[in-house]
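Coordinate-derived values only; no laboratory data. Predicted, not measured: the structure shown is a model, and the values here were computed from it. A quick note on method: Cβ atoms are made from the backbone with ideal geometry, for glycine too, and the neighbour counts reach across all protein chains shown.
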Amino acid sequence: MITAESKPIDEIIEYIRPYRRIILAGCNECVTVCSAGGRKEVGILSSALQMAFMKSGRNLEVKEITLERQCDPEYVEELAPIMDQAEAVVSMACGCGVQEVARRFKHTPVFPAVNTKFMGASERQGVWAERCQGCGECVLAVTGGICPIARCSKRLLNGPCGGSTNGKCEINPETDCAWQLIWDRLKALGLEDRYEEIMEAKDWRTSRDGGPRRIIKEDLA
Amino acid sequence: MEHFEPVIVAFCCHYCAYTAADMAGSMRLTYPPNVKIIRVPCTGKVDTLHILRALQKGADGVFVAGCLEGDCHFKTGNIRAARHVKQAQKVLDEIGIGGERVEMITMSAGMGGGFARTALEFTEKIRALGPNPIKNVVEKQVRAAAGS
């Protein structure tokens, strides 16, 4: 999933200071799962913003709504009937959702309420960790299902480096060395020989180095 | 300020604090009538949102009263509640309402005296803090709604 974290409330208040009526739009997908921008977080932020405005003697009308997915135009369209009630939109979706709302509603300012972080997995309740960088050419088949791009601090294709100590990365004693994990996994699978194969330099054009990316699926487009 | 009577909302667990409040009554103990009790099946169900909404609607203080650590009927509901209270305190500090208006308290069902004492101490603490800074605006809104 795409993970996100709430922005400081002060920052959001600064964005909406000139307005009196806003739509606060959550998203029912990834940001709901990582508790950053679902229905409940919409309620909490709405309360906090209204109280902050009241404290400075002003009223803030907040229309709370949580869309099924803010990254799909079909669902963003649900904002159209209520858009005239608001001077601005505060989106609690990831950056994709914020941009989709901005694209659809050209004359209404849209502000993000969360910082979008990474594509990750849930390690345990309340803890998420980065797992994929969307490099565009997956190498998990040869690394035992553990991604050296997302999980090695140096993105080494042939690791580990000298900074690996007792299975941990030198950047942080809580960060696993991805190449230690890969080696352990290959050993468990009986595929130690695979470790001897040198991986060639990666073609990063499939990643962000090739500019903004698109997918066109011919049978659907 | 002279006649400030704080409004306190107390989310009380059915298995401990609510029963303790009941016991305080049976024991003929007095505690301030400022405390408005909301019975919940477990404090684990009390979310940050419920605490904030209570303050947004004009409460001056909120306490969540759950079971003693290790005694939760649903194992960890009270621990979960303590985290929600902490989150509410963080948000209230950020917006300048003050996190000290919210507190997590634990007690057993037999602590009738403990409940009465907690109610008194918390009420006095909020009285000393003064009214919720948004109270004037809330009251104005209520009056406007009643007049319309």
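Specify whether the C-alpha gyration tensor of segment A:133-210 places it in the rounded, prolate or oblate class, a ≥ b ≥ c being the square roots of the eigenvalues: rounded for a/c under 1.5, otherwise prolate if a/b is larger than b/c and oblate if not.
In terms of gyration-tensor shape, oblate.
Divide by every residue of chain B the summed helix terms, -39500 (n - 2.57) for each DSSP H run of at least 4, and state the resulting mean residue ellipticity at 222 nm, rounded to the nearest 500 deg cm²/dmol.
-14500 deg cm²/dmol
If packing is taken as the average count of other Cβ atoms within 10 Å, what order do B:54-63, A:66-75, B:102-111 fall into, highest mean first?
B:54-63, B:102-111, A:66-75
Please state the charge dipole magnitude for segment B:8-147, taken about the Cα centre, from unit charges on C-beta atoms (+1 on K and R, -1 on D and E), reported in debye and rounded to the nearest 20.
Computed charge dipole of segment B:8-147: roughly 340 debye.
Got a sec? Charge dipole of chain A, +1 on Cβ for Lys and Arg, -1 for Asp and Glu; which of A:129, A:195, A:113 is way out at the positive end?
Value: A:113.
Decide, for segment A:2-118, between rounded, prolate and oblate: order the square roots of the alpha carbon gyration tensor eigenvalues as a ≥ b ≥ c, take rounded if a/c falls under 1.5, and otherwise choose prolate if a/b is larger than b/c, else oblate.
oblate
Work out the length of the dipole vector of the protein assembly as shown about its Cα centre, built from +1 on the beta-carbon of each Lys and Arg and -1 on the beta-carbon of each Asp and Glu, and round it to the nearest 20 debye.
Roughly 900 debye for the protein assembly as shown.
If you line up the long axis of helix B:77-94 against the longest principal axis of chain B, both from Cα atoms, how many degrees apart are they, to the nearest 10?
With both axes taken from Cα atoms, the answer is about 20 degrees.
Using the number of other C-beta atoms within 10 angstrom as an exposure proxy, rank A:174, B:94 with the fewest first.
Neighbour counts put them in this order, fewest first: A:174, B:94.
What order do you get for A:22-28, A:186-192, A:130-136 when each peptide is scored by the mean count of other beta carbon atoms within 10 Å, highest first?
In decreasing order of mean packing, A:22-28, A:186-192, A:130-136 become A:22-28, A:130-136, A:186-192.
Return the percentage of antiparallel bridges among DSSP beta bridges fully within the protein assembly as shown, rounded to the nearest 5 %.
Antiparallel bridges make up about 30 percent of those DSSP assigns within the protein assembly as shown.
What order do you get for A:209, A:219 when you list them from fewest to most C-beta neighbours inside 10 Å?
Going from least to most buried by this count: A:219, A:209.
Ratio of the protein assembly as shown's C-alpha Rg to 2.2 N^0.38 Å, to two decimals?
1.25
Rounding to the nearest 20 debye, state how big the charge dipole of segment A:2-118 is about its Cα centre with +1 on each Lys and Arg Cβ and -1 on each Asp and Glu Cβ.
360 debye
Provide a whole-number value for the mean count of partner chain Cβ atoms within 10 Å of the Cβ atoms in peptide B:49-56.
So the per-residue partner count for this stretch is 5.
Express as a percent, rounded to the nearest 5, the fraction of DSSP beta bridges in chain A (both residues included) that run antiparallel.
45 percent
What average count of beta carbons from other chains do you get within 10 Å of the Cβ of residues in A:53-59?
Mean shielding count: 5.
Local charge sum around residue B:39 (other residues, Cβ-Cβ under 13 Å, Lys/Arg +1, Asp/Glu -1)?
Residues near residue B:39 contribute +1 overall.
What is segment A:2-118's relative contact order, in percent, from Cα pairs under 8 angstrom and six or more apart in sequence?
After rounding, I find 36 percent.
For segment B:8-147, give the share of DSSP beta bridges that are antiparallel, in percent and rounded to the nearest 5; count only bridges with both residues there.
Of all bridge pairs located within segment B:8-147, approximately 5 percent are antiparallel.
Roughly how compact is segment B:20-123, stated as its Cα Rg over 2.2 N^0.38 Å to two decimals?
1.06
Whole angstrom only: what separates the Cα centroid of segment A:59-134 from the Cα centroid of segment B:18-75?
35 Å
Using only helices, what value at 222 nm comes out for chain A when you add -39,500 (n - 2.57) per DSSP H run of length 4 or more and divide by the total residues, to the nearest 500 deg cm²/dmol?
Roughly -8000 deg cm²/dmol at 222 nm, from the helical runs in chain A.
Fewest Cβ neighbours within 10 Å first, please rank A:182, A:13 accordingly.
Going from sparsest to densest Cβ surroundings: A:13, A:182.
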